[in-house]
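These notes are about the structure you will find just below.
The values are calculated or read from the model by the stated rules, or taken from the named source; none is laboratory data. Keep in mind that what you see is a predicted model, and the values were worked out from it rather than measured. So basically every Cβ, Gly included, is an ideal-geometry build from the backbone, and we count neighbours across all protein chains shown. The accessibility values were calculated without ligands, DNA or RNA, using every heavy atom of the protein model including side chains. Shrake-Rupley method; radii C 1.70, N 1.55, O 1.52, S 1.80 Å.
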Amino acid sequence: MGTQPSSPPWQPITFGGVASFARASFGRLFIVQFIVALLVAGSVSCFLAAAWFPVAQKAIARLPEKGTIRRGQLDWTGPSPCSLAEATFLSIVVDVANSPTGQSSDVQLELHRGGLRIRTLFGHLAIPYPKDWTIALNRTEVEPRWGAWQPFLLVGIGAGVVIGVMAIWLVLATLYSLPLRLLTFYSDRDVSWLGCWCMAGAAQLPGALLMSGGILLYGFNRLNLIGLLFAWLLHVVIAWLYIGIAPARLSRLAGSVHRRDNPFGGRQKRRKRFGGLKSE
């Protein structure tokens with residue numbers, strides 16, 4: 001028989017810990033999710049500070065004295081094509097004529113005459129320049145702005161990650177609460193709709209911790225881009241595993257019949273093969 005989970009509803013690591021959130025309040029679940037979201041945001045910020053921002057700083061230092069994006073067109077006075085900065089994770093290339101270029105980084109930003117192209121190992125995305133904006137693209141204007149706004153940009157990205165992952169967990173908890181409610185209903189588990197929703201929300205956290213570690217390993221060159229993608233897929237599967245296994249740690253409804261009870265235990269009455277009742 002399943003037993004009531006004894007783990008306090010503060011750790012979403014074990015199956016019993018996730019199941020214990022079925023008895024937790026929404027406020028407690030929110031606090032735990034917020035802590036995990038901070039860890040995820042911290043790993044993303046550390047990755048950007050160590051892998052992407054130095055490349056951007058180097059690219060800004062190599063910008064020409066004159067350059068701008070005006071009316072959706074790049075006005076470039078430097079050589080083209082040219083590589084402003086290049087590293088394992090990120091490279092920044094200027095190619096006004098949109099000539100064929102190779103790719104040596106996981107992510108490559110290409111500045112073309114009419115737009116920005118983001119190229120990865122899995123494809124590319126073309127983004128046109130805004131026609132109503134004038135964007136400075138020279139060292140004199142960009143370098144001091146980057147130095148002043150870099151810390152705020154890093155904090156802003158971290159805050160965006162916290163808000164984004166918590167919104168995703170809210171949506172996934174709502175979607176997963178229905179199959180989780182059906183699973184607990186047919187297995188005679190003592191839990192409410194709100195308990196299923198909280199348990200579905202807590203089931204997202206173990207995979208998020210794994211993904212946070214994967215981002216750090218990727219940033220320190222201990223994991224390649226394919227490995228990072230595998231970690232992302234694995235963190236989704238882990239959530240499904242917790243949703244499928246954690247309900248077994250909940251207590252059963254009072255008076256429910258356990259199908260695996262010993263059929264020979266206790267006093268029973270059996271019908272004899274040729275009729276009549278026999279007491280044991």
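Among the candidates 245, 226, which residue alone is out of contact with any helix residue (DSSP H, G or I) (no Cβ under 9 Å at 6 or more places or on another chain), modelled with pLDDT of 85 or more and not hydroxyl-bearing (Ser, Thr, Tyr)? Write out each step before concluding.
On the way: 245 fails: out of contact with any helix residue (DSSP H, G or I) (no Cβ under 9 Å at 6 or more places or on another chain).
The unique qualifying residue is 226.
Of all residues in the stretch 92-105, those that are at pLDDT 80 or above have Cβ atoms under 6 Å from Cβ atoms of residues that are of a type outside the set (Phe, Trp, Tyr) and open to solvent by 70 Å² or more (accessible area, probe 1.4 Å), 6 or more apart or on another chain, in 95/81; 96/113.
Where residues in the stretch 95-147 are among the aromatic types (Phe, Trp, Tyr) and surrounded by fewer than 13 Cβ atoms within 10 Å (Cβ to Cβ), which of them is nearest to the chain's Cα centre (by Cα)? Give the steps one after another, and end with the answer.
Initially, the stretch 95-147 is screened for residues among the aromatic types (Phe, Trp, Tyr), giving 122, 129, 133, 146.
Now drop any that are not surrounded by fewer than 13 Cβ atoms within 10 Å (Cβ to Cβ), which leaves 122, 133.
Details: 122: 19, 133: 32 Å.
Applying the filter and picking the extreme gives 122.
For (1) at pLDDT 95 or above; (2) assigned to a loop (DSSP other than H, G, I, E, B); (3) open to solvent by less than 20 Å² (accessible area, probe 1.4 Å), each residue gets a yes or a no:
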residue	(1), (2), (3)
40	yes, no, yes
52	no, no, no
57	no, no, no
65	no, yes, no
69	no, no, yes
75	no, no, no
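Scan the stretch 82-97 residue by residue and report those that are of a type in the set (Gly, Ala, Ser), outside any strand (DSSP E or B) and within 15 Å of residue 55 (Cα to Cα).
Result: 87, single match.
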